[in-house]
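J.: One structure coming up, written as structure tokens, with questions to follow.
The values are calculated or read from the model by the stated rules, or taken from the named source; none is laboratory data. Quantities reported herein were computed from a predicted structural model and do not represent experimental measurements. Because the Cβ atoms are built from the backbone with ideal geometry, glycine has one as well, and the counts that use them run over all protein chains shown. In case anyone asks, the SASA skips ligands and DNA or RNA and just uses the protein heavy atoms, side chains included. Shrake-Rupley method; radii C 1.70, N 1.55, O 1.52, S 1.80 Å.
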Amino acid sequence: MTTLGAGTPTRPALVRPYRALARVAARSTLAYPLSFVLGMAGVLLQLLAMLSIWAVLLGSGTSIGGFTWPQMKAYLLIAYVTGALMSFGDWDMAARIRDGMVAVDLTRPVDYQRARFAETVGVAVVEVAFSLVVCAVVLAVTGPVPVPSPGQAALFAVSAALVLPLRFTTVYLTALLCFWTQNIFGVSLARQAITNLFSGSLVPLTLLPGWLQAIAAVLPFAGMTFTPATIYLGQATGADAWRLIGIQAVWTVALWWGARLAWRTAVRQLTVHGG
């Protein structure tokens, strides 16, 4: 058995601060339930609008692009849950950058990026719980959706687990732009528009023109909605499903370390401006 030196922190000790941050973030979200629900209203209204539109288009038993009404409903619910994660997460981080409170974060004995991700995980637990309640209500009103086989469900779980780090890194990179722009409003709206289109949360990517599908295939956004939804519905199985999961994993690693590099550059920018 290996004995650690007195000054060497154990792994639980290293993880403990991040667990605490996740708990605090979750409790802070629950402390203001009305604010949280209002913040989720935009994504909820989008879900209701898309359900209404596709119910009319597919309600007669027809199919479009290989999607029946139950399949499209499952797709839209998955898109809702994944889209609810960090809908406006860059606003909070950008606000601390803009008012200089990020300087306080730098004095804490934790890694800045990991600390923000821990907080994201804490809030995501509440977001997912709320979203699943909404999904349960929708299913109770509109009827069931297809259920994948156990093997396909396991693949879906792996793919779904990669959605949060993918969304976090894109939102985190957007927030870091505030070091240069001093305003996140336009940048955040652009990020949301691009994500909604190329993730497939507005419409399945298979229904887009071929040239847009080709662009989406080389971007990380498909892994945030289209990939897990496609695997859930059994439209990607076996080796094809693992290939899509591999793309998700590669983008997750690339964006995570790209974000760390961007943070180092941003900190130097903060020093130049006397932050």
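J.: Quick one: is residue 167 charged (D, E, K, R), under 14 Å from the mean Cα position of the chain (by Cα) and under 20 Å from residue 76 (Cβ atoms)?
T.: Spelling it out, residue 167 is indeed charged (D, E, K, R), under 14 Å from the mean Cα position of the chain (by Cα) and under 20 Å from residue 76 (Cβ atoms).
J.: Please identify the pairs in which a residue from region 156-170 that is within 13 Å of residue 221 (Cβ to Cβ) has its Cβ atom under 7 Å from the Cβ atom of a residue that is open to solvent by 30 Å² or more (accessible area, probe 1.4 Å) and assigned to a helix (DSSP H, G or I), counting only partners at least 6 apart or on another chain.
T.: Cβ pairs passing all conditions: 162/249; 166/251; 169/256.
J.: Confirm whether residue 61 is outside any helix (DSSP H, G or I) and of a type outside the set (D, E, K, R).
T.: When the stated conditions are applied, residue 61 passes them.
J.: Follow-up question, since we're still on this one. Among (1) of a type outside the set (Asp, Glu); (2) part of a helix (DSSP H, G or I); (3) within 24 Å of residue 233 (Cα to Cα); (4) under 21 Å from the mean Cα position of the chain (by Cα), which single condition is residue 190 missing?
T.: Result: residue 190 fails condition (3) only.
J.: Okay, moving on. As an exercise: evaluate residue 37 against (1) within 30 Å of residue 236 (Cβ to Cβ); (2) within 22 Å of the chain's Cα centre (by Cα); (3) modelled with pLDDT of 80 or more and give the number of the one condition it does not meet.
T.: Exception for residue 37: condition (1).
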